[in-house]
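Written below as structure tokens is the structure these notes are about.
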Amino acid sequence: MTKYTKEVKSNVLKQYQEGTPIQLIIQNTDIPRSTIYHWIKNPPLSKKEETAKTIRILEDKVKRLEGIIQILKKVNCTASAPLQERLYALESLQGQYSVHMLCEALDVSRGTFYNHIFRNKRDNAWYLKRREELREMIQQVFDESKQIYGAGKITAVLKERGYITSEKMVRYLMQEMGLISIRQVSKSLYEKELRRCNNRLNQQFNPSGPNKVWVSDVTYFRFNNKNFYICAVMDLFARTIIAYKISFKNSTQLVKSTFRQAYETRHPTQNLIFHTDRGTNYRSYTFCSYLKSLNVIQSFSRTHTPYDNSVMESFFSSMKREELYRTKYRSEYEVKKAIDDYIIFYNTQRHTPIISTKPLWQRKRNTIPRHKGSNQRIFMIY
């Protein structure tokens, strides 16, 4: 193999930097193309850079030697001890130092050390610790993928994050943990869900008495780039809103707290039917378990059939058309107060004949023209 001096390398790189074609440089110097490209990719270091590199190498060497000295002080054997004795000594320090440093300290090959570790893996504390860490990482990646990834993709993600393991091990642990990709069972789960979400109400919106059938839904109203999520519960017998809550987040906690408010206010007897659509909040394990503990019978609308919950749909439509869409609000407080006032009006005035030409909830407002002769109005809420 031909060795080239630093002067030759510098001269070639200088010609390249000045714009001389690679082919012309090859003809003038008889240096292989691959060698010239290697020099271009890895240019020679300056004296200052060479000194810094040498210092880093020496520092790493000193650090490694200090670690080896610490290992030799902690173990009760030397590199001349029997192999089995050295292996057990290194096993006790597993996790405190790198495997490379441990094996170098007592002159043991890494392959021999790993064979010893995995041969006794059932009784090995380090293996059990590593196995538990792997289980946690598998669970994390599985949850991040929304239960979509299988063993192959989880193994690839772990590799990207610097954790090397085999697909076989990941698959084994996933089976042990009961993790199944939704891709494998989505159709069967969907069919099972269809059987579970029974429509017990079946559009029978006229119960014989109060607290026999409640319906609920969640809607939202956007104001100042924020969504106001409104969850309400209605007793179908009187068609009144018995509980409602407003939140900036559409969550299971919102529907659960709204139902709890209604339940603690009304104290219904057994066999209460609670009808909703198939929203994830209403079908969540937390909420379904809560209703089951209260002996409440859940009923769900059919897929893509809003008429199955038309009473609640109609209420929210009326509230938006009669109040929210026709008023210009200036603050979040005004939005919430308007919702409060409308529900009071809906429960107390809307279903009874109104003597006055203006309902009570309208009489609480003054309308002030923005400009003379303009049809635009600002609604003031007291």
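Readers should treat all values here as calculations from the given coordinates under stated rules, not as data from a laboratory. Computed from a predicted structure; not experimentally measured. In this analysis, Cβ positions are derived from the backbone assuming ideal geometry, glycine residues included, and neighbour counts consider all displayed protein chains.
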Taking 0.36 nm per residue of separation and subtracting the Cα-Cα distance, what length does fully extending Arg350 through Ser314 add? 11.6 nm
Between Ser34 and Lys328, what is the spin-label point distance in nm, taking each point 7 Å from the Cα along the Cα→C-beta axis? 7.7 nm
Treating only Lys and Arg (+1) and Asp and Glu (-1) as charged, each at its beta carbon, one finds that the range 275-332 has a dipole about its Cα centre, in Debye to the nearest 20, of 120 debye
Just rank Glu18, Glu59, fewest to most, by other beta-carbon atoms within 10 angstrom. Glu18, Glu59
Taking the dipole of the range 125-184 about the Cα centre (Lys, Arg +1; Asp, Glu -1; charges at Cβ), the one of Met137, Ile148, Thr165 that reaches farthest to the positive side is Thr165
Point-charge dipole on Cβ atoms (K/R +1, D/E -1) for the range 213-369, about Cα centre, debye to 20: 440 debye
Which one, Gln261, Phe223, Asn295, projects farthest toward the positive side of the charge dipole computed for the range 213-369 from Cβ point charges (K/R +1, D/E -1)? Phe223
Hz values of 3J(HN,Hα) by residue in the range 321-328 - Karplus curve (6.51, -1.76, 1.60), Gly and Pro given as x: 6, 8, 10, 5, 6, 9, 10, 9
Backbone HN-Hα couplings from phi across the range 299-316 [Karplus 6.51/-1.76/1.60, Hz, Gly and Pro as x]: 9, 10, 5, 6, 4, 6, 10, x, 5, 5, 10, 5, 5, 5, 4, 5, 4, 5
Charge tally in the Cβ shell below 13 Å around Tyr244, where Lys, Arg are +1 and Asp, Glu are -1, Tyr244 excluded: -1
Phe223 long-range amide H proximity, modeled H, under 5 Å: Phe228
Simple spin-label estimate for Lys168 and Lys9 in nanometres, 7 Å along Cα-Cβ: 4.5 nm
Using a cut-off of 9 Å between beta-carbons, work out the net charge of the residues near Ala232 (Lys and Arg +1, Asp and Glu -1, Ala232 not included). 0
May I ask you to evaluate 6.51 cos²θ - 1.76 cosθ + 1.60, the Karplus curve with θ = phi - 60°, for each residue of the range 77-91 and list the ³J(HN,Hα) values in order in whole Hz, giving x for glycine and proline? 8, 10, 5, 8, 6, x, 4, 4, 5, 5, 5, 5, 5, 5, 4
Check: the range 13-169 dipole with +1 on Lys, Arg Cβ and -1 on Asp, Glu Cβ, in debye: 120 debye
First measure r as the distance between the Cβ atoms of Gln204 and His267, then evaluate 1/(1 + (r/R0)^6) with R0 = 35 Å and state the FRET efficiency to the nearest 0.05. 0.90
For Ser299, which sequence-distant residues (separation of 5 or more, or a different chain) have an amide H within less than 5 Å of its own amide H, given hydrogens modelled in the peptide plane? Phe274, His275, Thr276
